[in-house]
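Participant: Attaching a single structure in structure tokens format; questions to follow.
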Amino acid sequence: MRSLVFEAFGEPASVLKLVEARLPEPGADTVRVRILARPIHPSDLLTVRGLYGRLPKLPAVPGFEAVGRIEAIGAAVTDWSIGQRVIPLGIEGTWADALIAPQQMLLAAPEELPDTIACQMLINPLTAYLLLFEVLKAQPGDWVIQSAAGSALGRMLIQLAALNGVNLINVIRSRAGIETLKSAGATHIIAAEDEDVVARIAAIAGRIPVTKAIDAVGGTTGALLAEAMGYGGTLIVYGGLSLQPLPIEPARLIFRALTIKGFWLTEWVRATPREARQKAFNETLRLLTGGKMVPPVEAQYDLADFAQAIAHAERPGRLGKILLTG
Ligand SMILES: NC(=O)c1ccc[n+]([C@@H]2O[C@H](COP(=O)([O-])OP(=O)(O)OC[C@H]3O[C@@H](n4cnc5c(N)ncnc54)[C@H](OP(=O)(O)O)[C@@H]3O)[C@@H](O)[C@H]2O)c1
């Protein structure tokens with residue numbers, strides 16, 4: 001089988017190699033999943049670059065998410081049969097033709113969802129849902145600011161906010177993304193490259209001080225979100241796409257009572273009781289299968305064409321995820 005392997009951390013185009021490996025045989029209570037599709041997430045590329053919060057032992061195969069079909073099962077496997085379409089849960093190394101998964105680390109892929117959506121139905125949809133409703137506890141009529149609004153996750157936040165009457169102010173980096181974001185349902189859009197972000201937020205929200213914001217960019221953009229917040233606001237930081245530190249004025253924290261908190265889905269899964277996890281997951285699944293939240297796709301590449309796929313994934317102005325298939 002083919003596997004994308006990296007033996008050192010670095011630029012994905014230079015450290016990732018496509019290698020032939022022996023097809024692994026499942027142990028007694030594991031299954032072998034033939035992978036059908038995987039998204040390229042910023043976290044996958046940060047891992048290859050050695051910049052993610054948790055790093056694998058090398059050599060490693062990247063990839064946090066996928067959909068596949070069971071093609072071999074161990075003798076003690078009772079819950080699954082060959083041919084079932086599944087999502088591996090929390091198993092790294094999806095950028096290969098196949099992987100071995102313990103039987104309890106699989107979820108049945110919903111029939112209604114094609115591979116292009118099923119392969120990205122966990123991380124971003126769940127994070128979008130949690131950020132808005134569990135972390136910020138957004139209510140109908142609330143104002144919320146988000147950065148990186150053109151990302152797959154940002155586009156799902158736009159759908160969720162509209163569905164629940166939350167007023168979302170969407171900050172994107174370039175004016176080029178405005179029209180596509182409008183057609184994705186966004187009402188308030190600010191291009192950080194040439195607009196006064198703080199003044200525009202104040203003009204959009206009017207007399208209402210905005211006290212909820214989520215940032216996936218850091219650097220200047222994250223700092224502008226912090227500056228735009230009203231007294232007692234909360235800024236949730238869940239990504240650092242700019243790879244820049246977040247320069248916040250101490251005065252914001254002292255005199256404007258600003259709270260800044262990080263969010264990491266991995267930590268949420270670890271720290272949240274099973275029942276609460278299941279509730280959030282069921283709600284996300286309901287939104288996905290009902291077509292209310294749709295993870296966007298821009299293009300698909302065969303696993304062998306990973307270098308082009310990664311270059312495409314890092315191009316500005318994408319409309320959706322780049323998938324690795326085959
Ligand atoms: N903390 C968590 O648990 C968690 C979970 C899931 C995702 N995330 C984070 O959520 C963010 C979005 O993920 P995703 O999978 O939705 O991403 P994605 O669909 O791959 O899109 C990323 C988008 O971010 C924008 N972007 C890239 N670099 C930027 C920069 N320097 N400044 C401003 N915008 C930039 C680009 O949009 P334009 O080209 O249109 O500007 C790009 O299309 C990532 O930071 C990811 O790590 C965090």
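Read the figures in this text as sums done on the coordinates, not as results from a lab. This one's a predicted model, so the numbers in the text were calculated from it and none came from an experiment. Every residue, glycine among them, receives a Cβ derived from its backbone with ideal geometry; neighbour counts consider all protein chains shown.
Participant: Out of the range 251-268, which residues are in a loop (DSSP other than H, G, I, E, B), over 19 Å from VAL217 (Cα atoms) and either aliphatic (A, V, I, L, M) or free of Cβ contacts under 8 Å to residues at least 12 places away in the same chain (or both)?
Facilitator: We begin by selecting, within the range 251-268, every residue in a loop (DSSP other than H, G, I, E, B); these are 256-258, 263-264.
From what is left, the residues that are over 19 Å from VAL217 (Cα atoms) are 256-257.
Of everything in the range 251-268, just one residue is in a loop (DSSP other than H, G, I, E, B), over 19 Å from VAL217 (Cα atoms) and either aliphatic (A, V, I, L, M) or free of Cβ contacts under 8 Å to residues at least 12 places away in the same chain (or both), namely ALA257.
Participant: Hey, another quick one. I need the full set of residues from the range 310-326 which are closer than 20 Å to VAL48 by Cβ, more than 7 Å from the ligand (Cβ to nearest atom) and assigned to a loop (DSSP other than H, G, I, E, B), in order please.
Facilitator: Selection gives GLU314, ARG315, GLY326.
Participant: Checking GLY239 against (1) touching a residue at least 60 places away in the same chain (Cβ under 8 Å); (2) under 26 Å from GLY141 (Cβ atoms); (3) among the small types (Gly, Ala, Ser): exactly one of these is not met. Which one?
Facilitator: Single failed check for GLY239: (2).
Participant: Also, I was wondering about something else. Going through ALA149, ALA128, ALA75 one at a time, which residue ends up being crowded, with 24+ Cβ neighbours inside 10 Å and part of a loop (DSSP other than H, G, I, E, B)?
Facilitator: On the way: ALA128 fails: part of a loop (DSSP other than H, G, I, E, B); ALA75 fails: crowded, with 24+ Cβ neighbours inside 10 Å.
From the options ALA149, ALA128, ALA75, the qualifying one is ALA149.
Participant: Only one of these is more than 19 Å from the chain's Cα centre (by Cα) and either within 16 Å of the ligand (Cβ to nearest atom) or closer than 23 Å to ALA37 by Cβ (or both): ARG173, ARG155, ARG85. Name it. Write out each step before concluding.
Facilitator: Details: ARG173 fails: more than 19 Å from the chain's Cα centre (by Cα); ARG155 fails: more than 19 Å from the chain's Cα centre (by Cα).
When all the criteria are applied, what remains is ARG85.
Participant: Quick one: what pairs do we get from the range 299-319, first residue touching a residue at least 60 places away in the same chain (Cβ under 8 Å), second away from the ligand (no atom under 11 Å from the Cβ) and in a helix (DSSP H, G or I), C-beta under 7 Å, 6+ apart or different chains?
Facilitator: ALA307/ALA13; ILE310/PRO12; ILE310/ALA13
Participant: In this structure, does LEU136 turn out to be within 16 Å of the ligand (Cβ to nearest atom) and over 17 Å from the mean Cα position of the chain (by Cα)? Spell out how you get there, then give the answer.
Facilitator: On the way: within 16 Å of the ligand (Cβ to nearest atom): yes; over 17 Å from the mean Cα position of the chain (by Cα): yes.
In short, yes.
Participant: Taking into account only those residues within the range 251-273 that are basic (Lys, Arg) and within 14 Å of the ligand (Cβ to nearest atom), which is nearest to ILE145 (Cα to Cα)? Talk me through it step by step, then tell me what you get.
Facilitator: First pass over the range 251-273, keeping only residues basic (Lys, Arg): 252, 256, 261, 270.
This time we only want the ones that are within 14 Å of the ligand (Cβ to nearest atom), so: 261, 270.
Working: LYS261: 15, ARG270: 27 Å.
The extreme case among them is LYS261.
Participant: Next question. Output the number of the condition that ALA152 fails; it satisfies all remaining conditions of (1) under 30 Å from PRO88 (Cβ atoms); (2) free of Cβ contacts under 8 Å to residues at least 12 places away in the same chain.
Facilitator: Only one criterion in (1) under 30 Å from PRO88 (Cβ atoms); (2) free of Cβ contacts under 8 Å to residues at least 12 places away in the same chain is unmet by ALA152, namely (2).
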